[in-house]
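The values are calculated or read from the model by the stated rules, or taken from the named source; none is laboratory data. These figures come from a predicted structure and were not determined experimentally. Note: ideal-geometry Cβ built from the backbone for every residue, glycine included; neighbour counts use all protein chains shown.
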Amino acid sequence: MIFAVPRCSCQKMRNYRASGFHYRTFKQRRLSNLGDVNQAQLYSRFCSISQFEASSQTLDQPSVPPLNIEEFLEKAVLDSQWHSIEQVSSSNLTPSAIYNALSKLREEPDSVLALIQKLGFECLDVRSLCLAVAVVCRLPLPQPALLLLKRALNGGVATNQELFDELVLAHESLSLSSSIALDFLIRACCGLKRAEDALECFYLMKDQGILPKIESCNDLLSVLSKLNKIDTAWALYAEMFRLRIPSTVITFNIMINVLCKEGKLKKAKAFIGHMEGFGFKPTVVTFNTIIHGYCSRGKLEGAHEIFDTMKKKGIRPDSYSYGSLISGLCKEGKLEEASALFGKMVDERLVPTAVTYNMLIDGYCNKGNLTMAFLYRDEMVSKGIMPTVSTYNLLIHALFMGGRAAEADGFIKEMGERGMAPDAITYNILINGYCKEGNAKKAFDLHAEMLSKGIHSSAATYTSLIYVLSKQKRMQEADNLFKRIVGKGIFPDVIMFNALIDGHCINGNMARAFMLLKEMDTRKVSPDEVTFNTLMQGLCREGKIEEARGLLNQMKDRGIKPDHISYNTLISGYSRKGEIKDALTVRDEMLGKGFNPTLLTYNALIQGLCKNKEGEHAEELLKEMVSKGITPDDSTYFFLIEGLG
């Protein structure tokens, strides 16, 4: 598209300058590299400019450059006399001089990049930067220009409006017909996930009568989707349609993904016909997006239908297609089907990734089938696929869950031998595992090691440590740790509060437990049924059953639904006191709320009946529980023998 700049806009900016108005210059400090600097290093023109070697010079070479600094810089750059530039006084390198030098090098984008590299990015003001971007845009690859703009945006020393206006002037100064630099401004904002800034640039271009390129629009739609700004994405898509910016397959794929995020899977499926109507053939990415959408919502039947449709249209499923289905099946616990599909994937000569193996390993670990989990780990190693930190995390967690903590240390050693370092998740799994085993020393040693490596503790880490201190009746230490956590600015959640409340309840510190309940309200942390069940159990242990029953009413007042544990706690409390009538009343209330009696319910009632010497009624309850498919345990028979004896 021909780039045309309204004369009034540019003339207005010149008038500002004539009246003494200047945009902010960049601060004299070196800006930090962006997170994507590694990507930039791939491009030799800017990020991997070869080291400049100064040619041998005589000792009497003049150190002062000619008075015309612009011509001097141009000649030094074109002749690669980089050592000469180093001798230039900083007072001579004014923003105006640099701008004029860059203007003289307008046909040499490689040289412009080299000059910026030598002078330092901080020497550029907004005007020079935008001129440099406009020149560098002529290179075949976009990354150097994008990196310049990202550094400017990240530095926070120029607004979008300022950058946009200067880019317009730079285009006019260079008599460029393309608006690519303005598109790059949108794409730079998108690369930094600054969706609002990118949108502002889009509408600035629209107001100038310039249509953004579809690549820029796709980048903007994509970042809006990733940030879950769904409504904004649809508004932008409608604006693109109104402006007649032609869509591509990528555009349709992004909008299908947006529909999947909204849960509108049928519309996503129908969108395939919509894009075909515009003459676009769906790709493997199109179908993979919808398959993933169905699988993420547990709708495996729909996912399989899309998978079959894909093959009927002659599009060969890839590793991602199979991976989504395998992941969905594993989440649903359908491991045999997942394994069978994995076999088909291998038969199709598709190479599974570590992610695919991790899905299967996770599925079997969750089922407690460590044999199969380890078989898949061994298989991936035999195929030369390196296990990831996630692989080890899954297996270590499964070992603790299976009571095989002793083997966990061996896996940590193996990780080290493979050059992998445990991450925050690894440490949390280990700390939580040892805390549940009651090994406080090991847990705290691991926590110290974690901190020494610069890995930050989370609320989950501290909750595990509070838990183990509480179980060991070290409540003063648990309280002190809680205070330190809050002092560090870590927001205690309901799980952390519950761990501390449970410790005080078990240790008979009910006053402190209720103080923590009040603190939860102060910190606006909503208690849950676990919080109240814990407090009720603590009161029942002290024989304060009526107070515990009062908490049941408090739960209802707060909109918290009592569960079977709430009712069983009261039934047990009344039964231990021999108040069987009240226990049966609570049992009836429990049944009225749709909760079926459990083994705990029957054991508590049988204990209460036997305590009241009502053995016959206890035997009737025994028959009832067996008829309901509930198997009596040792406690059941102990209560009966004690009562009947």
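A few remarks follow.
- Checking the stated criteria, Leu605 turns out to be touching a Lys or Arg at 6+ places or on another chain (Cβ under 9 Å) and in the same structural domain as Lys623 (by TED's automatic domain parsing).
- Highlighted here are the helices (runs of 4 or more DSSP H) found entirely within the range 371-490 that include at least 1 residues which are closer than 30 Å to His504 by Cα: 389-401, 424-436, 440-452, 459-471, 475-487.
- Annotation: of all residues in the range 166-196 being of a type in the set (Asp, Glu) and under 21 Å from Lys104 (Cα atoms), the one that is surrounded by the fewest Cβ atoms within 10 Å (Cβ to Cβ) is Glu172.
- Filtered residues of the range 413-469 (kept if among the charged types (D, E, K, R) and surrounded by 18 or more Cβ atoms within 10 Å (Cβ to Cβ)): Lys442
- Enumeration of residues in the range 113-137 that are under 16 Å from Val157 (Cα atoms) and in a helix (DSSP H, G or I): Phe121, Glu122, Cys123, Val126, Arg127, Ser128, Leu129, Cys130
- Condition check for Ala408: among the small types (Gly, Ala, Ser), touching a residue at least 12 places away in the same chain (Cβ under 8 Å) and not assigned by TED's automatic domain parsing to the domain that holds Tyr294: yes
- If you filter the range 539-553 down to residues that are of a type in the set (Asp, Glu) and in a helix (DSSP H, G or I), you find that the one that is farthest from the chain's Cα centre (by Cα) is Glu546.
- Of all residues in the range 588-645, those being assigned to a helix (DSSP H, G or I), over 22 Å from Lys577 (Cβ atoms) and of a type in the set (Lys, Arg) number 1.
- Residues that are basic (Lys, Arg) and either without any contact (Cβ under 8 Å) to a residue 24 or more places away in the chain or not in a loop (DSSP other than H, G, I, E, B) (or both), drawn from the range 138-153: Lys150, Arg151
- Evaluated against (1) over 29 Å from Pro109 (Cβ atoms); (2) surrounded by 19 or more Cβ atoms within 10 Å (Cβ to Cβ); (3) out of contact with any helix residue (DSSP H, G or I) (no Cβ under 6 Å at 6 or more places or on another chain), Lys226 falls short on exactly one condition, (2).
- For the range 554-582, filtering for residues that are buried (at least 16 other Cβ atoms within 10 Å of the Cβ) and part of a helix (DSSP H, G or I) leaves 16.
- Across the range 229-265, the qualifying residues are those that are hydroxyl-bearing (Ser, Thr, Tyr) and not in a loop (DSSP other than H, G, I, E, B), and the one among them that is surrounded by the most Cβ atoms within 10 Å (Cβ to Cβ) is Thr251.
- Residue identified as small (Gly, Ala, Ser) and in contact with a helix residue (DSSP H, G or I) (Cβ under 8 Å, 6 or more places away or on another chain) among Gly550, Gly594, Gly559, Gly615: Gly615
- Number of positions in the range 340-352 that are assigned to a helix (DSSP H, G or I) and either β-branched (Val, Ile, Thr) or closer than 17 Å to Glu301 by Cα (or both): 3
- Residues that are among the β-branched types (Val, Ile, Thr), buried (at least 16 other Cβ atoms within 10 Å of the Cβ) and free of Cβ contacts under 8 Å to residues at least 24 places away in the same chain, drawn from the range 501-529: none
- For the range 353-370, the set of residues classified as more than 24 Å from the chain's Cα centre (by Cα) and outside any loop (DSSP other than H, G, I, E, B) consists of Tyr364, Leu370, listed by residue number.
Per-residue answers, yes or no, for (1) at positive phi; (2) modelled with pLDDT of 95 or more; (3) not hydroxyl-bearing (Ser, Thr, Tyr):
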position	(1), (2), (3)
Val530	no, yes, yes
Leu535	no, yes, yes
Leu539	no, yes, yes
Gly543	yes, no, yes
Asp557	no, no, yes
His564	no, no, yes
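- Inclusion of Ala268 among residues that are out of contact with any Lys or Arg (no Cβ under 9 Å at 6 or more places or on another chain), buried (at least 19 other Cβ atoms within 10 Å of the Cβ) and closer than 24 Å to Gly323 by Cβ is warranted.
- Filtered by the rule that a residue be within 42 Å of the chain's Cα centre (by Cα) and either farther than 22 Å from Ala513 by Cα or among the acidic types (Asp, Glu) (or both), the range 565-594 gives Met590, Lys593, Gly594.
Yes/no matrix, rows are residues, columns are (1) assigned by TED's automatic domain parsing to the domain that holds Tyr434; (2) closer than 22 Å to Asn432 by Cα:
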| site | (1), (2) |
| --- | --- |
| Leu469 | yes, yes |
| Phe491 | yes, yes |
| Ile495 | yes, yes |
| His504 | yes, yes |
| Leu516 | yes, no |
| Met520 | yes, no |
| Gln537 | no, no |
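- Within the option set Lys331, Lys367, Lys383, being basic (Lys, Arg) and closer than 21 Å to Tyr294 by Cβ holds for one residue only, Lys331.
- So Gln161, is it under 21 Å from Leu192 (Cβ atoms) and part of a helix (DSSP H, G or I): yes
- Scope the range 415-430; condition hydrophobic (A, V, I, L, M, F, W, C), within 18 Å of Met401 (Cβ to Cβ) and out of contact with any His (no Cβ under 7 Å at 6 or more places or on another chain); matching residues: Ile425, Leu430
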